[in-house]
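Input: a single structure, listed below in structure tokens.
Every read-out reported here was derived from the displayed coordinates using simple, explicitly stated rules and does not represent laboratory data. All figures in this text were calculated on a predicted structure; none of them were measured in a lab. For neighbour counting, all protein chains shown are included, and Cβ atoms are generated from backbone atoms with ideal geometry for every residue, glycine included.
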Amino acid sequence: MHPGRMNGFYANGRERSQRVIENFDILSAVCIELNSHQDSSSVFKHIVDSAPLFEGIDSAGIYVLDNSSGEFILGYHTGLPGDFAESHSSFKRGSGLHEMLHCNETVYPCPSEGSSFTYEGSAQVFIKGLFPLMRSQAALTVMFIASSEPGALPQEIPRIMDIMLTMAEAALSRIDLESSARRSEMQHSLLLEGVRDPVYALGDNLEIKYCNEAFRQLVCFEEERIEKAAFSEVAGLELTNIMREKFDEALDPDNAFSYSEFEYRERIFNTFVSRTPDGLFVLMNDITEAEQTRKKLNFRERFESLLITISTDFIKMRGSALNLGINDALLNIGVSIEVDRAYLFQFSDAMKIINNTHEWCATNVQPQIDNQQVLKTDDYPWLMNRLTRHSAFQILSIPDLPSWAEAERELFESRDIQSVLVVPIVHGNSLIGYLGLDSVNHERYWSEDIIDLLRVVGDAIGNALVRNRMEKKLIEMYRRAEKEAQINAVLLREVNHRVKNNLSEIIGILYAQRRYASDNNDHDEFVQSLIGRIRGLATVHDMLSSSGWNPLELTRLVRRIINSAIANAPGGKKLKASISKTSIRVNPNQAHALALILNELVRNSLKHALTGRESLKIKVRMRKRRAGRIRLIYSDNGPGYPEEVLEHDRKNLGLDLIQNLTIKNLQGELTLQNDGGASAKIVFRRTRAEDKDESK
Amino acid sequence: MKVSKKRKVLIVEDDHLVSEMIRGMLEELGYEIAGEAEDGHEALGMIKEVKPDVVIMDIKMPRMSGIEASLLIQKHFPTPIVILSAYETEDLVKEASEAGVGAYVVKPPQPAELFRAIEIACGRFDDLLELTDVRRKYEQAKKTIDNLSKLLPVCPGCGEEKRDEDYARVLNMFLCSIPVDDIGKYLCCRCRSRTDK
């Protein structure tokens, strides 16, 4: 019972005022307490429990509409007699109270026929008023206040109930909002924890409001409580320095976010920093794997493009262009694969020798091409064993080479390398060389992809090298054939010229012989001398054509002419020729003239010196003289020249020919004298061509 | 086959036996041998002395080739030249033609072939001499006409009579240049009749 209540009514105005004040004090206390409730049921309970504190109210309760059944169900209640609560636990549609409850309006005071709403049991319950709660909610909730006595309640009660229920609604809304916020935060947390990349939210002072497990792992933060910690403390100096600029950018009023890519702890992050109303939100997207894959794809694409270029270019390349092309290919391979040295070795001399023919070196890496020449393959059995298998191989660490590869170890160590990749170059079934890649600064493993691609480069280089070699051979053969054809054409022209000259000379001999024969009518001698002279011409023509119209050895020429003339001498006579040896060579024109002169001299000796004698000795002496002159002395041991011949009084064809051939053809001098027989001295000049040929 | 006019021939040949052949053939054909030279150099010396009607020249010779000698002969002692060579390349024929050679015969020649070559070379040479003379006369006449045109006493531009000193000087120069033998052609009727008397 309310303390101010006496027999249901206040005696006067002062008491009423006092009562009102008390009721509002109670209301104030009830409302303050409402703020402390954290769930709706306790709010409902609180207002229901608080209602009887006001004067005139003995009991209160809440009916809630069950939408499925359409009935109002009694919820919280206080002060009700137990049988009322049981008998009025629900109101079905059609009952008077149901209709009033359902109108969702304040009903106060309840109609006079409120008795019909009273429970007439052991204790009477008079419903004084109905107050809807949570009008905006889907479930209709109505609070009732009741008294055990009939009659009106104090006049401020409806106002108090309105205020209390409004405050209750406010508390319920607050609880609802808090509940939503908590739910949202939980969902947010769950969502962010599911993110694989580091995510964190920072407050205004760059303190961590939230971070996921990935971020914790990234910064190796082991303490359980990370929230509220300063970002710099959690992230460490390196990441703080990286992120500071990005935070500043996102906090710039002109930007809403910053987006950047950076490397941290050997990972690549694509970082998105977004400004939020109360700080920053950061997502560090780890793109390390994606970047590596992209790099791999890029590398493969570039390398395949390089291969196509190399293969296509090599088809067109010849000679020095091919060398440039190989050097360019090595450079491109070296740069693409990021090695320290790329080079080509080629076999020669039936695979006995191997030479480093092309090389590319990275900056600050020592070239080795000059030190890797004329290497004997027998000295490198292990390397040759591997190469002859025609498959690529790599040596990750030079000291790991087997003991029988001592020479190879020395070879590789001399190049100061850590790892090496060797790709044999094979054409058909023949090994023609190998492509090598050196890693000087660190040990390195080359993937199968790279080896496969290099094998294709090796094939392209191999094809180009073999084709180039074959083309060189063909060009050489063609040039040789062309040169031979040119020589043959010149020889043919020379033969033609010589033959025409010889025919002219024969005609000349005939004319000359006819002129001298006018005094001598001996036909037989005419024919014999003609035959002898033409035979002399034939002999020297034979010698010159055999030598290809090159300079002839004088000794050989003299011996051949004299022996040929002696062979046709009359039988039964003893003839002996002594010819000195000399290294002198004479040109074809001189050889031709000398042959005709010697033929005439021998014919003269045989004709005149052998007359009345059984034997004859012929001597020919040849010597080089000063100023490039040659002296040839022909002599016999016969009776010598008649006086009139020496004094040029007597003319005959033989002497005339000797004289004119010496002067005209040899441009020399002739001296005839008797010195134990006939002696003819011929002096003529050597030409430069003979000197050159002699020096050969 | 004998020549109607006995021409003097200079043989230029470094091979004695080939010289014998040429000599024999020329003598048979009725030519006179003016001399024999061993090469182009000797031929240049002899040609001034023996004044041949025709030269028979080999190409390949020591000291001076037949082509060089032909050029010099045509320049200093214009004479018909017949080349006689065992070579017969197009280049050599062209070079010989450019050197003023009248005929080109390949060794060994038929006598009739050599005869035709000599006669054609001489005939063409005479034509050439005549042509040269005509040309010389033509040039001279052209020069005279040029000089006479300057002596026109009336200016064809204004129709006025020329009385200036320049005209008098040109006229005087022309009158001085008239050869004494030709002066009759330029006299007036009165002077001519006086001269005739």
**Q.** Alpha-carbon centroid distance for the pair the stretch A:388-419 / the stretch A:365-379, whole angstrom
**A.** 14
Q: List B:Leu187, A:Leu598 from most exposed to least, where exposure is judged by having the fewest other Cβ atoms within 10 Å.
A: B:Leu187, A:Leu598
Q. A:Lys128's amide H: which non-local residues (gap 5+, or another chain) put their own amide H closer than 5 Å, with H modeled 1.01 Å from N in plane and none for Pro or chain starts?
A. A:Ile145, A:Ala146, A:Ser147
Q) Under Stokes-Einstein, with the Kirkwood radius over Cα pairs standing in for Rh, what whole-number D in µm²/s applies to the stretch A:419-481 at 4 °C and 1.567 mPa s? A) 96
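What do the square roots of 5 times the Cα gyration tensor eigenvalues come to for the stretch A:295-474, in whole Å, largest first, as semi-axes of the equivalent ellipsoid? List each step's numbers first, then the result.
Details: eigenvalues 110, 89, 43 Å².
Over the Cα atoms of the stretch A:295-474, the ellipsoid semi-axes are 23, 21, 15 Å.
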Q: Using every pair of alpha-carbon atoms in the stretch A:259-367, split the distances into 5 Å bins beginning at 0 and state the percent of pairs per bin, rounded to integers.
A: 2, 10, 12, 13, 13, 12, 8, 7, 6, 6, 4, 3, 2, 1, 1, 0, 0
Q: With a ≥ b ≥ c taken as the square roots of the eigenvalues of the C-alpha gyration tensor of the stretch B:57-197, please select rounded if a/c is under 1.5 and otherwise prolate if a/b is larger than b/c or oblate if it is not?
A: prolate
Q) What list of ³J(HN,Hα) values in whole Hz, one per residue of the stretch B:157-174 in order, does the Karplus curve 6.51 cos²θ - 1.76 cosθ + 1.60 (θ = phi - 60°) give from phi, with Gly and Pro shown as x? A) x, 9, x, 7, 6, 7, 10, 7, 5, 4, 4, 4, 5, 5, 4, 4, 4, 5
(Q) Show me, bin by bin at 5 Å from 0, the whole-percent P(r) of the stretch B:91-135 based on Cα pairs. (A) 5, 21, 22, 23, 17, 8, 4, 1
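So if I place +1 on the C-beta of Lys and Arg and -1 on the C-beta of Asp and Glu, and nothing else carries charge, what would the dipole magnitude of the stretch B:1-136 be about its Cα centre? I want it in debye, nearest 20. Can you show the working numbers first?
Details: 17 positive and 26 negative charges, 113 e Å.
Computed about the Cα centre, the dipole is about 540 debye.
Using Cα-Cα distances under 8 Å and only pairs 6 or more residues apart, what relative contact order does the stretch B:21-139 have, in percent?
Numbers: 145 pairs, mean separation 24.7, N = 119.
After rounding, I find 21 percent.
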Q: Return the long-range amide H neighbours of A:Phe72 (sequence gap of 5 or more, or a different chain), with a cut-off of under 5 Å between placed amide H atoms.
A: A:Asp66, A:Phe91
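What is the mean number of Cβ atoms from other protein chains located within 10 Å of the Cβ atom of each residue in peptide A:662-668, rounded to a whole number? Present the calculation step by step, with values, prior to reporting the outcome.
On the way: counts 1, 2, 12, 8, 1, 5, 0.
Mean partner shielding for this stretch: 4.
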Q.
Just to be sure I understand: of the beta bridges DSSP finds with both ends in the protein assembly as shown, what percent are antiparallel, rounded to 5?
A. 80
(Q) Output wanted: per-residue J couplings in Hz (rounded whole) for the stretch A:567-574, from phi through Karplus 6.51 cos²θ - 1.76 cosθ + 1.60, θ = phi - 60°, x for Gly and Pro. (A) 4, 9, 6, x, x, x, 10, 8
Q.
For the stretch A:275-338, compute Rg over Rh where Rg is the Cα radius of gyration and Rh is the Kirkwood radius from the inverse mean 1/r over Cα pairs.
A. 1.42
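Can you tell me the relative contact order of the stretch A:540-654? Whole percent, Cα pairs under 8 Å, sequence separation 6 or more.
Details: 139 pairs, mean separation 29.9, N = 115.
Worked out over the stretch A:540-654, it gives 26 percent.
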Q. Treating the beta-carbon of each Lys and Arg as +1 and of each Asp and Glu as -1, no other charges, what is the dipole magnitude of the stretch A:565-665 about its Cα centre, to the nearest 20 debye?
A. 760
Q) For the stretch B:150-196, how big is Rg over Rh, using alpha carbon atoms and the Kirkwood form of Rh? A) 1.07
Q.
From the alpha carbon gyration tensor of the stretch A:517-695, can you work out the equivalent ellipsoid semi-axes (sqrt of 5 times each eigenvalue) and give them in Å, largest to smallest?
A. 26, 18, 16
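Please compute the length gained on full extension between A:Gln373 and A:Arg174, using 0.36 nm multiplied by the number of residues separating them and subtracting their Cα-Cα distance. List each step's numbers first, then the result.
Details: separation 199, 0.36 × 199 = 71.64 nm, distance 9.09 nm.
This chain segment gains 62.6 nm when fully extended.
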Q.
At 7 Å along Cα-to-Cβ for each site, give me the label-to-label distance between A:Glu33 and A:Arg389 in nm.
A. 9.2
**Q.** Radius of gyration, Dmax [the stretch A:451-610; alpha carbons; angstrom]
**A.** 27.0, 101
Q: Take every Cα-Cα distance within the stretch A:194-286, group them into 5 Å bins from 0 onward, and report for each bin the whole-number percent of pairs it holds.
A: 3, 14, 27, 29, 19, 7, 1, 0
Q: Take the Cα atoms of the protein assembly as shown, find their three principal axes, and give me the spread along each one in whole Å, biggest first.
A: 205, 113, 51
**Q.** Distant-in-sequence amide H partners of B:Met64 (H built 1.01 Å from N, under 5 Å)
**A.** B:Gly40, B:His41
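In debye, nearest 20: dipole of the stretch B:150-196 around its Cα centre with unit charges on the Cβ of K, R (+) and D, E (-)? Don't skip to the end; give the middle numbers.
Details: 8 positive and 8 negative charges, 37 e Å.
Charge dipole of the stretch B:150-196: 180 debye, to the nearest 20.
Apply the Kirkwood formula to the stretch B:8-130: the hydrodynamic radius equals the inverse of the mean of 1/r over all pairs of different alpha-carbon atoms; give it in Å with one decimal.
On the way: mean 1/r = 0.0721 Å⁻¹.
Hydrodynamic radius (Kirkwood, Cα pairs) of the stretch B:8-130 is 13.9 Å.
For chain A, what relative contact order do you get, as a whole percent, if you take Cα pairs closer than 8 Å and at least 6 residues apart? Before the final figure, lay out each step's value.
Details: 1008 pairs, mean separation 38.1, N = 696.
About 5 percent, as a whole number.
Take every residue in peptide B:77-88, count the Cβ atoms of other chains within 10 Å of its Cβ, and give the average of those counts.
Details: counts 0, 0, 0, 0, 0, 0, 0, 1, 3, 11, 5, 4.
If you average over the peptide's residues, the count of other-chain Cβ atoms is 2.
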Q: Per residue of the stretch A:191-199, in order, report the coupling 6.51 cos²θ - 1.76 cosθ + 1.60 (Karplus, θ = phi - 60°) as ³J(HN,Hα) in whole Hz, putting x for Gly and Pro.
A: 5, 5, 5, x, 6, 6, 8, x, 9
Q) So if we plug the beta-carbon distance of A:Lys651 and A:Asn488 into 1/(1 + (r/R0)^6) with R0 = 60 Å, what FRET efficiency do we get, rounded to 0.05? A) 0.85
**Q.** Alpha-carbon centroid distance for the pair the stretch B:4-18 / the stretch A:304-360, whole angstrom
**A.** 72
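What's the FRET efficiency of A:Glu86 with A:Ser17 using the Cβ-Cβ distance as r and R₀ = 25 Å, to the nearest 0.05? Write out the running numbers ahead of the final one.
Working: r = 41 Å, r/R0 = 1.62.
So, using R0 = 25 Å, E works out to roughly 0.05.
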Q) Is there a simple number for the mean count of other chain Cβ atoms within 10 Å of the Cβ of residues in A:495-504, and what is it? A) 5
Q) Taking the Cα centre of each part, how many Å lie between the stretch B:79-154 and the stretch A:585-622? A) 48
